[in-house]
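Working notes, beginning with the structure itself.
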Amino acid sequence: MLTKRIIPCLDVKDGKVVKGTSFVQLRDAGDPVALSRQYYQQGADELIFLDITATPEGRDTVVDVIESVSEQVFMPLTVGGGLRNVSDMRRMLQAGADKVSINTAAVLQPNLIREGAAKFGSQCIVIAIDAKQVEDRPEPRWEVYISSGQKPTGINAVSWAKKSVALGAGEVLLTSMDADGHQAGYDIELTHTISEAVPVPVIASGGAGVPEDLYLALVKGKADAVLAASIFHYSTYSIGEIKKYLSERGIPIRL
Amino acid sequence: MIVIVDYGAGNLRSVTNALVRLGYQPKITGRPQDLSNARAVILPGVGAAADTMINLNQLGLIDPIRRFITDGRPFFGVCMGLQILFTGTEEGGWHECLNVIPGQVKKLPDGQKIPHIGWNQVKQQRDHPVFSGIPDEANFYFVHSYYGEPEDKRLIAGETKYGTTICSVIARENMVATQFHPEKSGESGLKMYHNFLKLIAKGS
């Protein structure tokens, strides 16, 4: 049986992890390579790197990070943040990434999804969607935001997810902007709605605070994978603890 | 010399990294003559089957790969490197493949998320040296939308359930192929490459 994936996310800026500096075991707390190795040993199922570097010079460093990580951990790696075209994607894949996630660039030029899928295969292309609830009645409606959540687009998140998949995206990384950062649980309704709407796997993101949050995103939200950052970075829970918790509650998990 | 076949597509780096970790120094090459000198060949691959066949053909690699396998020399196909061993695939219309293994590559059945992405168990169907030290039903990392169905069921060394029963490991003497990615499957995956490369040491 296919297991549900538990995915730590590393926000990387100028080659350093910007969240997660409280890892006391690590000599260099902000070192993404050391952190990746630790997550690999703890049993993470995949790693997502989000490059939040603002400058082109800083961007080169994320390539080095991926190269080093891929030499040391033997698990799937996804890289996103600031990828604008097929050659940006190729650069990450050649550095050792297995998948690339695209967000703003895909909204601005949806054909990028098609091009990427044609070049590298749908399994390589993750559509990252930042969604914010804009209506709750008669039915909830979520709007797509771009540019790191700064810019509303007026686009309905459910329609955009469907369209992205039709264009060739092989997976959806769905972040609830309402839930993100609050550690009060994933947006279950959003996750469930998108997960039912698309035929490809959905990674739920934003809001993980306690193990039950991950459980609900998988069971009620019908997510195929759950992403979390803070609860792992700050060692609130180890990946092993979370996996044991989920497994004991009947979720198929790789232990 | 261990050769990782470079046909201009896919990410060879992960496979290379895994072999380097195991203490080998693979040669990444797309030259037919390098295959004839190789002690073992690994054929990785992601992307579409038709493109893969076109690329292999342009490099003159179709016959050398076929010959390498039929000569019984150590060969490991990964993911697309498994699928193109079959007679043909229904991916993107019907396309002929290497026909080393009679059988067809089909789309995964509807009713679950496609692609099949993530860690799933491999049920070992029989003993083979590549499974040495790997527990039955160990998890490996999959990412694919199509799967190969060999006519000769005796070739099936491992099976995985996803909507249907997928042949996830093919093994016949020195020919091994996996639908999953050992290089992305943690310690079990590394162990599998290690086991495969030990076949060379046995003088095969």
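Computed from backbone phi, the HN-Hα couplings of region A:7-13 come to 10, x, 10, 10, 7, 10, 10 Hz, rounded to whole numbers (Karplus: 6.51 cos²θ - 1.76 cosθ + 1.60, θ = phi - 60°; Gly and Pro given as x). Along region B:160-174 the Karplus relation, 6.51 cos²θ - 1.76 cosθ + 1.60 evaluated at θ = phi - 60°, assigns HN-Hα couplings of 9, 9, 7, x, 9, 8, 9, 6, 9, 9, 10, 8, 9, 6, 8 Hz to successive residues, with x for each Gly and Pro. With a Förster radius of 41 Å applied to the beta-carbon distance between residue B:33 and residue A:189, the computed FRET efficiency rounds to 0.10. Put a dot 7 Å past the Cα of residue A:210, heading toward its Cβ, do the same for residue B:136, and the two dots end up 4.0 nm apart. Per-residue mean of foreign Cβ neighbours for A:119-127 is 5 (Cβ atoms of other chains, 10 Å radius). Taking amide H positions as modeled 1.01 Å from N, with prolines and chain starts lacking one, the residues under 5 Å from residue B:46 and 5 or more places away or on another chain are B:10, B:11. With contacts defined as alpha carbon pairs under 8 Å and 6 or more residues apart, what's the relative contact order of chain A in percent? So the answer I get is 19 percent. Averaged over the residues of B:109-119, the number of partner chain Cβ atoms lying within 10 Å of the residue Cβ comes to 6.
In terms of the mean number of neighbouring beta-carbon atoms within 10 Å, the peptides A:194-204, B:101-111 order highest first as A:194-204, B:101-111. Within the protein assembly as shown, antiparallel bridges make up roughly 45 percent of the DSSP beta bridges whose residues both belong there. The equivalent ellipsoid of region A:87-201 has semi-axes of 25, 14, 13 Å, largest first, where each one is the square root of 5 times an eigenvalue of the Cα gyration tensor. Checking every one of the chymotrypsin sites (Phe, Trp or Tyr not before Pro) in region B:77-160 against DSSP loop status and a limit of 12 other Cβ atoms within 10 Å picks out B:94. Springs join every pair of Cα atoms under 10 Å in this Gaussian network model of chain B, and among B:64, B:135, B:150 the largest mean-square fluctuation is at B:135. Considering only DSSP beta bridges where both residues belong to region A:5-248, give the percentage that are antiparallel (nearest 5). So the antiparallel bridges amount to about 25 percent of the total.
All of the numbers you see were taken from the coordinates with simple rules; none came from a lab. The shown structure was predicted, so the numbers you read here are calculated from the model rather than taken from an experiment. Every residue, glycine among them, receives a Cβ derived from its backbone with ideal geometry; neighbour counts consider all protein chains shown.
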